[in-house]
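Q: Provided herewith is a single structure, encoded as structure tokens, for subsequent inquiry.
The values are calculated or read from the model by the stated rules, or taken from the named source; none is laboratory data. What you are looking at is a predicted structure, and each value in this text was computed from that prediction instead of being measured. Quick reminder, even Gly has a Cβ in these numbers, built from the backbone with ideal geometry, and neighbours come from all protein chains shown. The area values use the complete protein model at the heavy-atom level, side chains included, leaving out ligands, DNA and RNA. Shrake-Rupley method; radii C 1.70, N 1.55, O 1.52, S 1.80 Å.
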Amino acid sequence: MNTLTPPAHCTFEPDDWLRLARQWHPVARSCDVTGAPTKAVLLDEQLVVYRIKGQAVVARDVCPHRGVPLTLGFHDEEGVVCPYHGLRFGEGGKCNRIPSSPGQPIPAKLNLINYQVEERYGLIWVCMAPDADNPSPLPVMPHWDDAGFQQINCPGFDVNGFAGRQVEGFLDVAHFAWVHTETFADATNQVVPPYNPVETAYGFAVDYWSSVSNFAADSGQQAPEGFEWLRHFEMHLPFTATLTIHFPGEARLVIMNAASPVSARKTRMFAPIARNFDLHIPVEDVHAFNQRVFEEDRLMVETQMPERLPLDLALEAHIPADRSSIAYRRGLKRMGFGEFFLV
């Protein structure tokens, strides 16, 4: 395994960068990665993503020969070809051709610096610096593989803000009546009933019961009189959370909020969805509604100060509805993150 160090001009503190590099982060949707080299950025590191014989490869986007980005190249049947001297990189990022010296043995130094990859929930996940003694588990999404559930993967989109701020907003239940009234919430339903996060091996979980509907505001659908909505959150530290919404009857909607830290100031959002109802609605309509919900949050996330997330609870004021926010910050602090989360 290569010894990794933060890239030049890294926006993270070195210790925090390494802690994040030991975790799993999505970098692309599986359906968007073919043989052709695709660019991604994770933790300030420029990456190339491609497929060879059906397997995804994620590596540093630099040819080890003369440093040209491989995303400027092309793909043939045996790998990605550098546009400068034609060196080709195939399975596992290994160099398999030197056109100018076809008979020469290929030294290991010409292999790409590649990273551990898993494909799950329609996403390509990367762990840049796995800890052999204490490997981080991949986040879990409820119901994704269950019979009767439709699998949907919304297009990724960028947020000009820190991943921790975006995730905290996803966990927040007090902003529904103020931010999401155009999509699902009721501006007059502002009270947040008490709830209690429960610590788990991967972060924490929350059962939040309320009368706030999750039917689209323009759908005309209503829950039965007195129906209590259950929103079950599972936080997989540091930046992936799932929300399972219990609709009337046995209808369930699961949303994964996977915030991929492009840098300390930019986040690439991925949102796999699983549902077992309204299967007749086109997936494009699901994509559009999900985008509307996230766009409602954008201004809040991109304008919060400080830009990063204070883990010292004394630095911001808190209210009873902030129990998940407080649990999130405490969980990150237990992971060892430091003042990186402050401006």
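Q: Between R66, R308, R22, find the one with the highest GNM mean-square fluctuation for the chain; connect C-alpha pairs within less than 10 Å.
A: Maximum among the listed residues: R66.
Q: What list of whole percents do you get for P(r) of segment 59-216, with Cα-Cα distances grouped in 5 Å bins up to the one holding the largest distance?
A: Here the calculated profile for segment 59-216 is 1, 6, 10, 12, 13, 13, 11, 8, 7, 7, 5, 3, 2, 1, 0.
Q: Find out how many positive minus negative residues lie around I245, taking Lys and Arg as positive, Asp and Glu as negative, among other residues whose Cβ is under 14 Å from that of I245.
A: Charge balance near I245 sits at -2.
Q: Expressed as a rounded percentage, what relative contact order does segment 92-251 have, with Cα pairs under 8 Å and six or more residues apart?
A: Computed over segment 92-251, the figure is 14 percent.
Q: With N set to the residue count of segment 198-255, report its C-alpha Rg divided by 2.2 N^0.38 Å to two decimal places.
A: Output field value: 1.28.
Q: Do me a favour and compute the ellipsoid semi-axes for the chain from its Cα gyration tensor, root of five times each eigenvalue, largest one first, whole Å.
A: Working from the Cα gyration tensor, I get semi-axes of 39, 23, 16 Å.
Q: Counting each DSSP H run of 4 or more residues in the chain as -39500 (n - 2.57), what helix-only mean residue ellipticity at 222 nm follows after dividing by all residues, to the nearest 500 deg cm²/dmol?
A: Value at 222 nm, helices only: -4500 deg cm²/dmol.
Q: Test of understanding: what is the full-extension gain from E182 to L230, defined as 0.36 nm times their sequence separation minus their Cα-Cα distance?
A: 15.2 nm
Q: Using +1 on the beta carbon of Lys and Arg, -1 on that of Asp and Glu, and nothing else charged, what's the dipole of the chain about the Cα centre, debye to 20?
A: With only Lys, Arg, Asp and Glu charged at Cβ, the dipole is about 1300 debye.
Q: Identify, among M256, W229, S211, the residue whose Cα sits farthest towards the positive end of the charge dipole of segment 205-314, taking +1 on the Cβ of Lys and Arg and -1 on the Cβ of Asp and Glu, with the dipole about the Cα centre.
A: Positive-end residue among those listed: M256.
Q: Accessible area per residue for segment 40-178 in Å², computed with a 1.4 Å probe and the full protein assembly in place, what is it?
A: Solvent-accessible surface per residue comes out at 45 Å².
Q: Go through K53/K109; K266/K333; K53/K266 and tell me which ones have a Cα-Cα distance over 26 Å in this structure.
A: K53/K266
Q: Which length gain, in nm to one decimal place, applies between E78 and I326 when the Cα-Cα distance is subtracted from 0.36 nm times their residue separation?
A: 84.3 nm
Q: Which FRET efficiency, nearest 0.05, do H318 and A108 yield, Cβ-Cβ r, R0 45 Å?
A: After rounding to 0.05, the efficiency reads 0.30.
Q: Same structure, new question: When Lys and Arg each count +1 and Asp and Glu each count -1, what net charge do the other residues less than 15 Å away from D158, Cβ to Cβ, add up to?
A: Neighbour charge sum, excluding D158 itself: +2.
Q: Then there is this: Taking the Cβ of I106 as the center, what net charge do the other residues with Cβ under 12 Å away carry, scoring Lys and Arg +1 and Asp and Glu -1?
A: Residues close to I106 contribute a combined charge of +4.
Q: Which of the cysteines in the chain are isolated, no other cysteine C-beta under 4.7 Å?
A: C10, C31, C95, C127, C154
Q: Moving on. Give the carbon-plus-sulfur fraction of the accessible surface of segment 165-317 in %, rounded to a whole number; probe 1.4 Å, heavy atoms of protein chains only.
A: Carbon-and-sulfur percentage of accessible area, whole number: 55.
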